[in-house]
1. May I ask you to say which residue of GLY126, GLY136, GLY141 is in contact (Cβ under 8 Å) with a residue 40 or more places away in the chain and loosely packed, with under 10 Cβ neighbours inside 10 Å?
2. From the list VAL48, VAL66, pick out the single residue that is of a type in the set (A, V, I, L, M) and surrounded by 16 or more Cβ atoms within 10 Å (Cβ to Cβ).
3. Taking the stretch 6-30, which residues are among the hydrophobic types (A, V, I, L, M, F, W, C), under 16 Å from VAL60 (Cβ atoms) and surrounded by fewer than 17 Cβ atoms within 10 Å (Cβ to Cβ)?
4. Please count how many residues of the stretch 91-110 are without any contact (Cβ under 8 Å) to a residue 12 or more places away in the chain and under 26 Å from the mean Cα position of the chain (by Cα).
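Taken together, the values in this text are just the output of simple stated rules run on the coordinates, not laboratory data. Model, not experiment: these values are computed from the prediction. Note that we place each Cβ from the backbone using ideal geometry, even for glycine, and neighbour counts take in every protein chain shown.
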Amino acid sequence: MILRRVARPLLAAIFISGGIGALRDTQGHAKAAEPFLTESFDKLEGVVPESVPRDPATLVRIDAAVKVGVGVALAAGKAPRLASLLLLGSLVPTTLAAHRFWEVKEPAERQQQQIQFIKNAGLAGGLLLAAADTAGKPSLGWRAKRAASKTEKRAEKLAKRAEKAITK
C-alpha cells in the first residue's frame, strides 16, 4: 500500500538522522547520557552481565548503529514490525537519558526538554502502530487460533469416525 511506502520512511528518517548525528558527535551524546547510564548500571548491579559495555561512548555508538541500520530497514520495508520494535527499544533509553526535563531548573531549557520528551513519546506511538501493522494480513494470534480451531474440528471428525467404526 502506498501509505506504508510513504509513512515508514518518514518515521524512519528521524532515527537515521539521529543515529548519524550521534556518530558525528559521540562524545557530546555520551556526556549527556552518562548520568542516566551510571544510575541505571548502579541500580542493575549484578543483573547486567559484565560483558555488556559500560562506557558511554561505546553505548552511544551501538545505539547510533542500531538507529541507522534498523531505520534503513524500516524505511525499506524490510521486517518493518521487528524494525519498529527495535527502534522503540532504542528510543526509550535515549529519551530517558537525554530529555530528563524533570531535573532541569531553568524554565526555558526545561520547556525545550519537555517538548523533546513529548515528541519522542509521539514517535513511540508511531513505532507501536508500525509494529502492530500486519499490512492487511491476519495477525499471528488470529492465524494460530484459526489453525487450532481447524485442528480441533478435524480431531472431532476423526473421533466420530473412529467411534462409528468401533460400534459397527
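1. Criteria check complete, one pass: GLY136.
2. Answer to the check: VAL66.
3. ILE20, LEU23
4. 2
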